[in-house]
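To keep things clear, I will list the structure first and then write my remarks on it.
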C-alpha cells in the first residue's frame, strides 16, 4: 500500500515537469511557424507595473527556440542597467532539442562591465552568450528591472526579422489617474482593457505569427515591424515631473534640465568675442566657433537617456574638454550665446535609415541631440559631436527627420534639411604611366567633401602605410600596389590628398602583345544591391553622392590604341552615369572621364528595380576594356 501511494504521489508531482519539458520539445513547434524562421519566440509574458509617477517594475519571461546559426541573436542576453532602470534579477535556462534542461545560469554568473566612462552612476552592461553545441536549442530568460523614473515606458516589440511567434503577451498595470497612450505599428491588435481598484490594466496578446523577412537596406526594423508604442501621459525623471501629452509640453519639461547650464566664465566669453570680432556676419562667427569646438572638445559616448537627461553644464565642458551629445550641444549653445547668437538644442532620432518621429504621437524615441541656429534667411544645423563635419551640413545621420527644438516656450517639431548629393563629393584625377611589361606608376589627386571627407580622414589619412594600402584596395577598389606614398592636405571644405603607387600588373589581362586595360585603376562602384523581387519597402543608401573620375593612361612609347569603349550615358529617376574616352595620338595617352551621381539616398520600392538595373550597368561598364597593341 505504501508503495502504491508513493508511486501515485510521484506521478502527481512529476507530471507538470514532464509537461513543461514536452512543451519545450523543438519537434512540437507547428510547421507553419518554422517557415522562413531561424528562431521562434515560444513564450513571452511581459508585465509592466507602474506604481506611481516615479516608480515602476518590468518583469520579463521569454522562451526562444533557435533553429540554426542564423537565429543565434536569440542566444544573446544583453541589457543595460543604471540608476533609473536597474536590473535586479536574471536567470537563464537552456534546453536541448528534446526540451530537457541542460544548463542554468543565475545573475551572478552573467557577465557585466561598467559603461559611460565612469560618468554614469551604476551604469553597467550585462551580457551573456548561450553556447549552442547543436541546433535546435531552446533558451529561457527570466529577468526584472526596477524603474526610478518613468519617462521611458517600454514598447511592446512583438516581432523581429526572421523570428516567428508562438505566444506573446504584454500587460501594463497603471494607476487610472496616470493612464497611458499607445499606438500600434504595422499590426492591428487592440488591448483588452479592465480596471482593478484604482488601477487600469492593458493586455495585448498574439499567437501563431509567421516570421517576417527583413528587406535588406530598408528602414530600421524598429520602425517597420509589428510593435505597440507605449508612452506616458505624466512622468518623472530625476525629480523633474513632466507631461508627454504634447511635443510642446515635453519641450517645456526638457528645457528645465538645462537651466543654469549656460554658465561660461567671463574669461571664456572674452576669448570667444575676441575670436570673432573681425567676422562680418553671424554665419562666419558660427563657423569660427564651431571649428573651435571641433578642435578643442572630444565626444564621449554617453547616449541620450543614460545617466540622466541633464547635460553637463558649459563650464564643465570648457574645463574638461569632453562631453556627450547633450553636453557638447549645450556648450556650443553657450559659446554662441556669448557672442550674441541665439540657438536651440534639438532632439532627434539619428541614423541614416531611421524613420522620423511621429508628429501625432509624442513618444520618447530620440537618441541624439544637435543644435539649430535660426536665421533671417537660412537656418544652420550643427552636429556638435563630429570633429570633421562642416558647419551647416548634417549628413544622412540626422537629415530629413523630425527634430524637436527645445525653445523657451516649449517643444517645436521641425524638419531637418534633406541631403544634397553635392555635399558628398569624391573627385579623383589619376595619371598612369604604363610600361611595356604591364607594370607602371600612378599618381592620383583626390578631393573629397562630406561623408567621403570623413571617411578619408578617419580610415586613410591618419593610418599607417599598410592600413592605407588595405583600405584603398579592399574598400575603394584600387589595384594592389607594391608601394604607396600618401600625402594629405585637409581644409575647411574638403580633404585633399595625393598618392603615388607602384603597381606590378596594371592590365586586366593580356593576349599576346596586346594589353586590355580597365577604364580606371579602381572600381568606381563596388556595392551589391539585394534582389528587387517582391520589394515592398524603400531602400536606403547611406547618403546621396557625386563621384567624378579622370584617368589618363600614358602608353608605352611603341604602343597605340586598337579599341576604345563606346561612350556611355544612362540614368534612372535618382541617378546618372556618363563616361567618355579620348585618344591623344600626339601625346599617346588615353583619357576616360566619368561621373556617377545618386541624387537622393532613399529609393521608393517601386523604383528600386530601376536602381538595381542602373548600378548593374555601372558595374558592367568597368568590364569594358581599352585595348592597346604595339605599333
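The values are calculated or read from the model by the stated rules, or taken from the named source; none is laboratory data. None of these values were measured; they are calculated from a predicted model. Note that we place each Cβ from the backbone using ideal geometry, even for glycine, and neighbour counts take in every protein chain shown.
What to note about this one:
- Conditions (1) in a helix (DSSP H, G or I); (2) surrounded by fewer than 20 Cβ atoms within 10 Å (Cβ to Cβ); (3) touching a helix residue (DSSP H, G or I) at 6+ places or on another chain (Cβ under 6 Å): number failed by residue 480: (1)
- Qualifying residue in the range 515-522 (condition: under 22 Å from residue 421 (Cα atoms), in contact with a strand residue (DSSP E or B) (Cβ under 6 Å, 6 or more places away or on another chain) and in the same structural domain as residue 476 (by TED's automatic domain parsing)): yes
- Lone qualifier among 331, 299 - being in contact (Cβ under 8 Å) with a residue 12 or more places away in the chain, within 27 Å of the chain's Cα centre (by Cα) and surrounded by fewer than 18 Cβ atoms within 10 Å (Cβ to Cβ): 299
- Residues that are surrounded by 17 or more Cβ atoms within 10 Å (Cβ to Cβ) and either assigned by TED's automatic domain parsing to the domain that holds residue 400 or not in a loop (DSSP other than H, G, I, E, B) (or both) do not occur anywhere in the range 523-532.
- Any strands (runs of 3 or more DSSP E) falling wholly within the range 365-475 and containing at least 2 residues that are more than 30 Å from residue 150 (Cβ to Cβ) and not assigned by TED's automatic domain parsing to the domain that holds residue 231: 380-382, 425-434, 440-448
- Inclusion of residue 362 among residues that are in contact with a helix residue (DSSP H, G or I) (Cβ under 6 Å, 6 or more places away or on another chain) and either assigned to a loop (DSSP other than H, G, I, E, B) or surrounded by fewer than 22 Cβ atoms within 10 Å (Cβ to Cβ) (or both) is warranted.
- Restricting 213, 208 to residues that are exposed (fewer than 15 other Cβ atoms within 10 Å of the Cβ), under 26 Å from residue 163 (Cα atoms), touching a strand residue (DSSP E or B) at 6+ places or on another chain (Cβ under 9 Å) and in contact (Cβ under 8 Å) with a residue 40 or more places away in the chain narrows the list to 208.
- Flag if residue 568 is more than 31 Å from the chain's Cα centre (by Cα) and surrounded by 17 or more Cβ atoms within 10 Å (Cβ to Cβ): yes
- Of all the numbered requirements in (1) touching a helix residue (DSSP H, G or I) at 6+ places or on another chain (Cβ under 8 Å); (2) modelled with pLDDT of 90 or more; (3) over 30 Å from residue 178 (Cα atoms), residue 108 misses one, and that requirement is (1).
- In the range 600-627, the residues that are over 30 Å from residue 555 (Cα atoms) reach residues that are surrounded by fewer than 15 Cβ atoms within 10 Å (Cβ to Cβ) with C-beta atoms within less than 6 angstrom, at least six apart or across chains, in these pairs: 605/536; 607/573.
- Screening 309, 264 for residues that are over 28 Å from residue 243 (Cα atoms) and in contact (Cβ under 8 Å) with a residue 24 or more places away in the chain leaves exactly one candidate, 264.
- 1 or more residues over 30 Å from residue 114 (Cβ atoms): qualifying strands (runs of 3 or more DSSP E) within the range 26-82: 39-50, 55-66
- Qualifying residue in the range 258-266 (condition: surrounded by 12 or more Cβ atoms within 10 Å (Cβ to Cβ), more than 31 Å from the chain's Cα centre (by Cα) and more than 24 Å from residue 411 (Cβ to Cβ)): yes
- Count - residues of the range 568-594 that are more than 27 Å from residue 608 (Cβ to Cβ) and not in a strand (DSSP E or B): 4
- Taken over the range 581-606, the criterion of being farther than 21 Å from residue 523 by Cβ, more than 31 Å from the chain's Cα centre (by Cα) and surrounded by 16 or more Cβ atoms within 10 Å (Cβ to Cβ) is satisfied by 583, 588, 589.
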